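Readers should treat all values here as calculations from the given coordinates under stated rules, not as data from a laboratory. Quantities reported herein were computed from a predicted structural model and do not represent experimental measurements. All Cβ positions, glycine included, derive from the backbone under ideal geometry; neighbour counts span all protein chains shown.
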């Protein structure tokens, strides 16, 4: 692995994103609009907005980076650029880390903007550290990226890649505890939610919203990091130098 | 004669349950231009993919510059251009070349040099998506030249190019070969065969002939390579 190649890859991915200002605008503006929507949907129940607002701020980056990465990686495969890179002295990790670095930059901008709007304009209250919310959002973005990278190997077309969002992320959102407390779910679903990474993202974010610090969410963070690394490793295994 | 740039022995490839190449053997001389000719679907691309080391094979050996095809040290020494341009359409020519130069560890001035070699010095700041098909193919070709590879594998590099440019590119290939680079160039245009030192004629996954152009013409008594190809095909059917 080479830091120069990783950095060159990150800069290349960012240059590609810069050419697509509409996507950048949507990455940043859409979550802000959705949080605002949430605020006024729960106009009469401000306590509900307080409960789900912070987790939503931290989970948006996971969803958007999942989508952006799975499409970007699918394009690398279908355009032949991935095959070309695989014939060059580039380590698979250079490519993965390059993407991670580029999307982390985008995630920081996205998470900071959404948190700013939610906390500054919509009176969302975070009892814990706001910086920790942004940090968790970035970690979630990297998890979304890693999941997207891995799953994109199973999509032959962009239509399929987009369908992975409702197929893999929506069930996690339903089960993570944001809609209903996990204690009230049927046992089977609660066990299932125990092994889904978004459950830990939600848990960490709602704890920080309630005033917990890094120490209290360390286990959640460890699970999220492990899930991201595991799917990166699986994603690396799908990058083949030789294909049929 | 020096050791061959590529030595293939008993190579087999199966795709989709169907044998595409079957016990194919071939050597390619170093420092020469070898033309790989044959109709579409005859296995040219598959053979080239084997030489580059991106094809899963079903038996046989492919030795490139003395190493098994696809070995890590070859990633700096072999350049490969696929038939479809494999560059980033949403980046400029210069951004593409600069990125691949960094990956290859090639000096930054190579970017302008290779852009000039393929005649794109005036388009370096244009987005690849805004270029014509032929220009995109040249960006892809320029990318393969960045690392000054010892072996260049080019899959139909001149498709869709205007005649003047085709001649210029073949002149560039000749210069590379004179400087010691080995080129393996596929084409289904027989007149490009006249520009090659050695020819490999393929049909249905088999090598019909692999020899120097002069030897092929002399042996078959044909007027040109196209006639020689037809003779070999009909001779085989009669046999």
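The table below lists the values:
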quantity: For the stretch A:1-41, alpha-carbon Rg and Dmax in angstrom; calculated: 15.8, 49
quantity: Viscosity 1.306 mPa s, temperature 10 °C, Stokes-Einstein D of the stretch B:77-235 from Kirkwood C-alpha radius, µm²/s; calculated: 95 µm²/s
quantity: Extended-chain gain in nm, criterion 0.36 nm per residue less alpha-carbon gap, residue A:191 and residue A:20; calculated: 57.5 nm
quantity: The stretch A:223-244 residues near the modelled residue A:156 label - backbone nitrogen below 19 Å, point 7 Å along Cα→Cβ; calculated: A:238-240, A:243-244
quantity: Segment residue B:189-residue B:71, extension gain: residue separation times 0.36 nm, minus the distance between their alpha carbons; calculated: 39.3 nm
quantity: Two-decimal Rg to Rh for the stretch A:3-238 - Kirkwood Rh, Cα set; calculated: 0.98
quantity: All Cα pairs of the protein assembly as shown, percent lying beyond 33 Å; calculated: 47 percent
quantity: Projected label distance in nm at residue A:40 and residue B:171, using a 7 Å step from Cα toward the beta-carbon; calculated: 6.7 nm
quantity: Ranking of A:62, A:229 by count of other Cβ atoms within 10 Å, fewest first; calculated: A:229, A:62
quantity: Label point distance in nm, residue B:130-residue B:219, each placed 7 Å from Cα along Cα→Cβ; calculated: 5.1 nm
quantity: DSSP bridge orientation in the protein assembly as shown - percent antiparallel, rounded to nearest 5; calculated: 50 percent
quantity: Likely footprinting exposure, A:191, B:170, fewest C-beta neighbours within 10 Å first; calculated: A:191, B:170
quantity: Estimated distance in nm for a label pair at residue A:91 and residue B:211, the labels positioned 7 Å out from Cα along Cα-to-Cβ; calculated: 5.0 nm
quantity: Mean-position separation - Cα centroids, the stretch B:71-135 and the stretch A:185-222, in angstrom; calculated: 46 Å
quantity: Per-residue [θ]222 nm for the protein assembly as shown (sum of -39500 (n - 2.57) over DSSP H runs n ≥ 4, rounded to 500); calculated: -17500 deg cm²/dmol
quantity: Distance from the stretch A:43-84 to the stretch B:29-50 (C-alpha centre basis), Å; calculated: 44 Å
quantity: B:8, A:24 arranged by Cβ crowding within 10 Å, fewest neighbours leading; calculated: A:24, B:8
quantity: Number of partner chain Cβ atoms within 10 Å, mean per residue of B:96-103; calculated: 6
quantity: DSSP bridge pairs, chain B: antiparallel proportion in percent, nearest 5; calculated: 55 percent
